[in-house]
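Single-structure report; data block below.
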Amino acid sequence: ALLRFKLHLKDPSNRLSSWTKNGDCCRWDGIICSNVSGHVIELHLGSSRGTRKLGGKLNPALLDLNHLTYLDLSDNDFRQTEIPTWFWNMSSNLSYFNISRNQFQGNIPDLLTMTQPSVLIDLSCNNFTGSLPLLSSNVTAIDFSFNSLSGSMSHFLCHKLNEPMKLEILNLGHNLLSGKIPECWKKWSRLVGIKLCDNNFRGKIPGSMGALTLLQSLHVRNNSVVGEIPSSLRHCGELVTVDFGSNQLSGDIPGWMGERLPKLIILCLHSNKFTGTLPEELCALSYLQILDLSHNNLVSEIPSCINNLSAMNSGNNSDDKIFYRTSKGSFFEDILVVMKGRVVNYDTTLKLVKTMDLSDNNLSGEIPEEVTSLAGLQSLNFSHNHLVGRIPYNIGAMTSLECFDLSTNNLSGEIPLTISDLSFLSHLNLSYNKFTGKIPTGTQLQSLNADSFYGTKLFGPPLSESSTDV
């Protein structure tokens with residue numbers, strides 16, 4: 001069966017050279033056999049870096065591998081292949097089914113016959129179309145992200161409401177799904193991670209998500225979701241990541257997020273319609289490393305308790321990944337972060353990232369001196385607000401700063417000389433404020449673009465020595 005399967009494959013790097021007629025197939029590359037029965041139980045044909053990808057056609061000889069429970073064909077090049085019906089039929093006995101990062105296309109049929117007690121399905125980064133399939137209750141993790149799946153998720157989520165599901169990871173991000181996010185979450189009580197980002201969902205965030213008391217990661221970024229953050233989410237005390245950015249959410253940012261979600265590391269609520277104050281309760285989030293509340297309508301002063309965000313006080317954690325343990329292994333977090341004016345996706349180094357972005361709101365008052373204790377911050381953005389007063393004198397204590405943006409405020413006074421201690425600073429924007437005096441010399445400030453200081457009364461390199469650029 002394996003040799004017939006090989007016949008229809010293109011193997012430009014000769015990865016399957018060990019697959020010969022007279023050989024022992026249990027010794028072939030990519031093959032694992034049972035120690036007890038000798039049957040082929042695992043097929044590892046995913047491409048790795050440095051190897052040329054497999055291609056060609058899928059041969060139904062795979063159906064003769066009756067004991068196969070593990071199939072990995074990920075990251076190959078099957079050239080816009082429509083998956084044949086027989087291929088989906090063989091999936092019923094698999095506990096690991098990974099055909100991600102190919103160019104497979106067609107519809108995904110219902111996957112209701114998975115017989116293994118715990119199943120992982122990864123169909124991400126293909127060209128699948130049509131609606132979401134119904135799932136067997138044995139499926140533990142699915143990744144359908146980066147396809148062109150469309151329509152509602154109601155039938156998928158609300159099928160057999162009384163049948164509890166084992167699903168722990170649900171990734172439907174980067175598709176064309178639409179309609180409201182249904183209120184059918186109670187039977188999905190084992191969920192640890194949910195990604196619904198980059199779709200066309202509308203309506204409100206369902207209150208029934210509050211039943212997901214094991215949930216650690218919730219992404220709804222870049223949809224058209226409206227309304228307030230449901231108070232039921234206060235029951236999701238295991239949450240590490242909340243990403244609701246780029247929606248149309250409104251109302252206040254609830255103070256209970258700081259009190260009832262103590263494990264938060266990432267809180268992204270940017271580009272919404274939130275109003276009200278910046279809640280002081282958020283200062284209690286001692287594990288918080290990424291806070292993005294930019295592009296809202298928040299009106300208040302920046303609370304002086306900001307120094308209680310102790311994870312931002314310290315240097316980098318030795319463990320650079322944020323991950324979630326499930327029955328099928330660990331799943332890694334990723335998030336989009338604006339750094340140095342660019343949107344960057346962080347995943348494997350996410351635990352090293354520490355940023356605060358409160359830009360483009362209606363914040364007022366002075367920058368609290370306490371902010372300078374956040375010595376672990378790499379990026380701090382307070383731009384496009386109504387802040388007054390001076391840059392805190394001890395700004396040089398923020399020794400990890402790479403990006404510092406205070407542009408378009410009403411700040412005044414001279415630039416503190418301690419700014420010369422920021423040896424990692426590579427992106428600075430102080431433009432359009434009321435700063436006066438000479439730009440401190442003998443620092444990397446002279447190597448920055450002059451437009452970092454436009455619209456102020458500063459002078460000296462990189463501006464002209466005696467004139468004021470406005």
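The values are calculated or read from the model by the stated rules, or taken from the named source; none is laboratory data. Note that this is a predicted model, so its numbers are computed, not measured. Here the Cβ positions follow ideal geometry from the backbone for every residue, glycine too, while neighbour counts run over all protein chains shown. Protein only, heavy atoms only, side chains kept; ligands, DNA and RNA dropped before computing areas. Shrake-Rupley method; radii C 1.70, N 1.55, O 1.52, S 1.80 Å.
Some points to look at:
- Computed about its Cα centre, the charge dipole of the stretch 200-284 is approximately 300 debye, with only Lys, Arg, Asp and Glu carrying charge at their Cβ.
- Basic side chains Lys and Arg get +1 at the Cβ, acidic Asp and Glu get -1 at the Cβ, and with that the dipole of the chain about its Cα centre reaches some 1500 debye.
- Across the options Ile194, Ala141, Phe128, the greatest Cα extent toward the positive end of the charge dipole of the chain (unit charges at beta carbon of Lys, Arg, Asp, Glu) belongs to Phe128.
- Cα-based Rg and Dmax for the stretch 381-437, where Dmax is the largest Cα-Cα distance (Å): 10.7, 28
- Averaging over all projection directions, the Cα-based convex hull of the stretch 249-328 occupies 6.6 nm² in the image plane.
- Couplings 3J(HN,Hα) of the stretch 58-71, computed from phi: 8, 9, x, 4, 4, 5, 7, 8, 5, 9, 5, 10, 9, 9 Hz, in residue order, whole Hz [Karplus 6.51 cos²θ - 1.76 cosθ + 1.60, θ = phi - 60°; x for Gly and Pro].
- Rel. contact order, % - alpha carbon contacts under 8 angstrom, at least six apart, the stretch 330-439: 21 percent
- Over the chain: helical MRE at 222 nm, DSSP H runs n ≥ 4 each giving -39500 (n - 2.57), nearest 500: -1000 deg cm²/dmol
- Counting protein heavy atoms only, the stretch 371-414 has 47 percent of its accessible area on carbon and sulfur, 1.4 angstrom probe.
- Note: the stretch 166-215, Cα convex hull, 67 Å³ per residue.
- Order of exposure, largest accessible area first, which applies to Asp143, Asp451 with probe 1.4 Å: Asp451, Asp143
- Of all stretches in the chain that contain no GluC sites (Glu not before Pro) in a DSSP loop with at most 16 other Cβ atoms within 10 Å, the longest one is 1-182.
- Values of log10 I(q)/I(0) for the stretch 1-134 across q = 0.10, 0.16, 0.17 Å⁻¹ run -0.31, -0.83, -0.95, by the Debye formula with one identical scatterer at each alpha carbon and no solvent.
- Surface accessible to a 1.4 Å probe, per residue, for the residues of the chain, Å²: 42 Å²
- With kT/(6 pi eta Rh) evaluated at 10 °C and eta = 1.306 mPa s, and Rh the Kirkwood radius from Cα pairs, the chain diffuses with a coefficient of 64 µm²/s according to Stokes-Einstein.
- Cβ-derived FRET efficiency at R0 35 Å, Val344 paired with Ser17, nearest 0.05: 0.30
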